[in-house]
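The values are calculated or read from the model by the stated rules, or taken from the named source; none is laboratory data. None of these values were measured; they are calculated from a predicted model. Positions of Cβ are generated from backbone atoms using ideal geometry, with glycine treated the same way; all protein chains shown enter the neighbour counts. The protein model used for the area step is the full one, side chains on, heavy atoms only, and it has no ligands, DNA or RNA in it. Shrake-Rupley method; radii C 1.70, N 1.55, O 1.52, S 1.80 Å.
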Amino acid sequence: MDEKTLMQAIGKLEKEELLKIIGLMADVSGSAKRALVNYCRVNVKVKDAQSLEQQLWQHWKKAQPTVEMFNTCGGGSKSDEDDILEELSIMKNLLGKGESSWKVRKEIMDELLEEVASDNSGLTDVLVELAVRMCKTREEKIYLADFLADYGNPFYKNFASELYAENSKEDKKTETAEARPVSSSDYMELANKYKKQGNQELALKTVMEGLEKAEGRLFEIYGYLFTHFAMKKDEGALRDLYRKASGKEQDKDFITELMYGYYKEQGNYGKKKKMLYDLLACADSKKLVKWYHTCQKEFTPGDFASEESNVLKTIQDRNPAAYYDICIEKGNTAEVIKYLTGRRQFTDGNADTGHRISKQLAPIHPREIVDAYWREAYFYAEKGGPENCSYAVSVLREINEIMEKNSWTDEWNERYNDFIRDSISNPAMISELAKF
């Protein structure tokens, strides 16, 4: 039957018959079921704001752990990226389908912007695009602009200026800066004004004053002074700037990275190496895998061979998840398995949040991962409550998938039945198991 004849036949069917056919197709074909679910997510009209807000949270919670993993690792697989983009696309469509409160949109956007600030996922552009879509009013757009001005990469700092201009904040900012400069941006506005007037000396004096007095983040001031002193090849002034910046916590990583680039360009191996060690100590912990690879590339082979253990110890202390990612990359899975199988507490703060590490090892160490998952399922079941028990069931699904792939069907049936018997006195767990 050709497509035209098929469509004519379908057009003659009653609603109940169409629903029956759709149900049958979804039952016999996984791809048809996924297509149906995705179509409904995008096209079914949201009935009320609460439902829309719940759906926004649901899709963000699906995307966020993988986005975080991408930021930690500097990217990820194409299939994972496609999954993220699908969830974000659904969120964008939902935002156009109904009203939602700023309170909920802001809570989601604040989490989203944490990933934007890390800027190591390769997804910053689509995340910012979604954040823009989440802002409806002038005040909301200025809220986004304030964040990007403080934490965005150079491109998005410029974008923040465009948002300010579009929402008429620039004039107010300039008046405030002239009356009483407070923030780094205030001092930089004044300095740029003096610079345009040809008064380079007063511009520099204003920025130097901001270095001592400005409140909040100082990356704009550090960037201005670094560029000024580097162009003059005034290494003494650069060292002094770095010394002052090192006494502050905010933006220390920013100036340290600038100094690393400067010494690399100058061919000063000793100082370049010192800056890399400083970056390991102060850089965003989500970027430590990147800095490990930079050390591997920039150290001499002999230095890296003798000092790699020190580099790894610093990374392990600051971000265990990054450390275990490097272990897997190096083929040192034994240490990662030791960590996964040795845990007795399972919390959101562990290095295997979202099973991002154990999922990588399941194909090559299925037995160890399954045993760790069983302990985790029991841990959350014993904690009780609907949310913990629901999570325990999600772990059971992962266990079942691994055991089926390895043809451990009899063992699965036995251990699952044991789990049910152990949960008899736990009504919340039994209720969740009924949905499994």
Exercise. For segment 359-436, what number results from the quotient of the Cα radius of gyration and 2.2 N^0.38 Å?
Worked result: 1.06
Problem set entry | Apportionment of accessible area to carbon and sulfur, segment 299-436, percent (1.4 Å) | 50 percent
Seminar exercise, completed: Note to self: with every protein chain in place and a 1.4 Å probe, segment 308-400 gives an accessible area per residue in Å² of 46 Å²
Exercise. Convex hull over the alpha-carbon atoms of the chain: what's its volume per residue in Å³?
Worked result: 223 Å³
Problem set entry | Computed [θ] at 222 nm, deg cm²/dmol, the chain (DSSP H ≥ 4; -39,500 (n - 2.57); rounded to nearest 500) | -25000 deg cm²/dmol
For this session: Mind listing the long-range amide H neighbours of Ser183? Cut-off is under 5 Å, sequence gap 5 or more, other chains count too, H placed in the peptide plane at 1.01 Å from N.
Result: Glu215
Exercise. Residue by residue through segment 157-164, which ³J(HN,Hα) values in whole Hz follow from phi under the Karplus form 6.51 cos²θ - 1.76 cosθ + 1.60 (θ = phi - 60°), with glycine and proline marked x?
Worked result: 5, 5, 4, 4, 4, 5, 5, 4
For this session: Using the Kirkwood radius over Cα pairs, work out the Stokes-Einstein diffusion coefficient for segment 303-436 at 4 °C and 1.567 mPa s, in µm²/s as a whole number.
Result: 80 µm²/s
For this session: Can you run the Rg to Rh ratio on segment 182-235? Use alpha carbon positions and the Kirkwood inverse-distance Rh.
Result: 0.96
Seminar exercise, completed: With every protein chain in place, the accessible area of Tyr151 for a 1.4 Å probe, in Å² rounded to the nearest 10, comes to 100 Å²
For this session: Work out from phi, with θ = phi - 60° and the Karplus expression 6.51 cos²θ - 1.76 cosθ + 1.60, the ³J(HN,Hα) of each residue of segment 134-150, listed in order in whole Hz, and give x for Gly and Pro.
Result: 6, 8, 9, 9, 4, 5, 5, 5, 5, 4, 5, 4, 4, 5, 5, 5, 8
For this session: Please tell me which of these pairs span more than 32 angstrom C-alpha to C-alpha: Lys264/Lys286; Lys338/Lys383; Lys62/Lys213; Lys157/Lys271; Lys61/Lys435?
Result: Lys62/Lys213
Seminar exercise, completed: Unit-weight point scatterers at every alpha-carbon of segment 75-165, Debye formula, q = 0.17, 0.21, 0.24 1/Å: log10 I(q)/I(0) is -0.73, -1.07, -1.30
For this session: Scan around Asn406 for amide H atoms under 5 Å from its own, H built in the peptide plane at 1.01 Å from N, and keep only partners 5 or more places away or cross-chain.
Result: none
Seminar exercise, completed: Packing-ranked peptide list from 423-433, 215-225, 194-204, highest mean Cβ count within 10 angstrom first, is 215-225, 423-433, 194-204
For this session: At 1.4 Å probe size, with no ligands or nucleic acids counted, give the accessible surface of Asp119 in Å², nearest ten.
Result: 50 Å²
Problem set entry | Accessible area, probe 1.4 Å, largest first, for residues Lys193, Lys405, Lys78 | Lys405, Lys78, Lys193
Seminar exercise, completed: Averaged per residue, the 1.4 Å probe accessible area of segment 205-279, protein heavy atoms only, in Å², is roughly 52 Å²
Problem set entry | Rg followed by Dmax, in Å, when segment 194-337 is reduced to its Cα trace | 18.1, 64
Problem set entry | Probe 1.4 Å - accessible area at Thr137, Å² to nearest ten | 60 Å²
For this session: Would you mind checking the radius of gyration and Dmax of segment 267-324 based on alpha-carbon positions, in Å?
Result: 10.7, 33
